[in-house]
Each structure stands twice: as structure tokens, then as C-alpha cells.
């Protein structure tokens, strides 16, 4: 995939900010300037196929959505998630397939006065790993900048970040939003967002390593018993 100049610059910037943040871990405090972790996220090293529902976005809005996907993909190396987001085309609604994310519009705020957008974990496995999901953006969210802010926030949910209602403004992409067509001051993850994700995916990799080691040990024990 060809990366834009802005995405390449972002990758360099993220590498620096995360490395810098690692030397000052105590500066990222949950519910102050860092969001809490949620109970679900995409699996490590997942290639998430992203679909846009047909005829719901203008070319400018589509470009904004694609740029946010590139932004989150650029973080995978520094957070250790390995998660990449790949545009898969248009469809007619939420798609049930492994590592699939659908983006659509509906009247979110009219139906729920507490939200302007929504992340829906359609299918999860028993451990909380996402299998498929969709994002609802309000029909009133029209400016490319607002689209970018909401998309970045909702994709953060899919990576394991929860809303941070107590965080100071502009400290996390998981801050609340002041209106249906207004961003929250950020268009991508903060240093503390990345630090939180690094912890989430580091724990996930350790859990996978333990599981693989246990399975290997059980397999070796079974083989040894058969040879006796």
C-alpha cells in the first residue's frame, strides 16, 4: 500500500512520541490524560477489512475516512498491535466476516441523545477479541474534519480504548465531542492513547505466548506418553 507523505511523517512522529513517553510512563494517568481500556479489541496482527456502506459518503468524506485508517495503521508498529486497516470497498450494510469493519450512517443522536457516533462490536470470541464490527456515524456529521475526529475515536474503541469523560480536553482522542459536526480537538491518537494501546497489546501477546507454550507442552507430553 502506498503511504502518503503525511502518513509517513506521522509514523516518524509516533515513533518519537511513544519512545519519549516510555521514559515518562507516570505522565500517562488513566482517566486524567489517558483513556481506560475496554473489554474488547481487534486481535494482534489482524488485517481488518474496512467497508463503507454504499452512497453514504461524499468523495471528500471518503478521503477523510481513508486518511484516519492510514493514521491508525501507522501506529501498529509502535504500539505492538500489528493491526492494519485495509479498504475493502462498498457494501450494503454490516458485513459478517472475520476481521471485518463496516462504516455507515444513521440518525445516532436522534435515537440516543448521549452519542453522536457509535462503535458496535457485532461478533466477539469468548475472550473479547473482535471478529466483526461496524461504526455508525451520524447523518449530521458532514465536515471532513468532524468525520475524521469521529472516525478516529470510534476506531480507537475497536483497538481497545474506552471513552474518557474525565480526561482533560485535547489529551486523548477518546474525549467527548461538543457537537454532531464538531471534532474534539484531535484527529488522531495522543501519546497516552498509544501508551494505553501498547499495554493492551503487550498483555495480549504475552497471553498468546503463554497459551502457545502450554499447548506445546501438552502436545510434547502426549507424544512422550504414546512412545512409552
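Below are the figures for this structure:
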{"read-out": "Sequence of 173, 44, 135 once ranked by neighbouring C-beta atoms within 10 Å, starting from the fewest", "value": "44, 135, 173"}
{"read-out": "Ranked list, fewest to most other Cβ atoms within 10 Å of each Cβ, for 137, 65", "value": "65, 137"}
{"read-out": "For the stretch 33-213, radius of gyration divided by Kirkwood radius, i.e. Rg to Rh on alpha-carbons", "value": "0.95"}
{"read-out": "Debye intensity ratio I(q)/I(0), log10, the stretch 59-160, q values 0.15, 0.24 Å⁻¹ (C-alpha model)", "value": "-0.62, -1.50"}
{"read-out": "Likely footprinting exposure, 40, 109, fewest C-beta neighbours within 10 Å first", "value": "109, 40"}
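Every number here is computed from the coordinates shown, using simple stated rules; none is lab data. Please read all numbers here as calculations on a predicted model, not as lab measurements. Here Cβ is always computed from backbone atoms with ideal geometry, including for glycine, and neighbour counts include all displayed protein chains.
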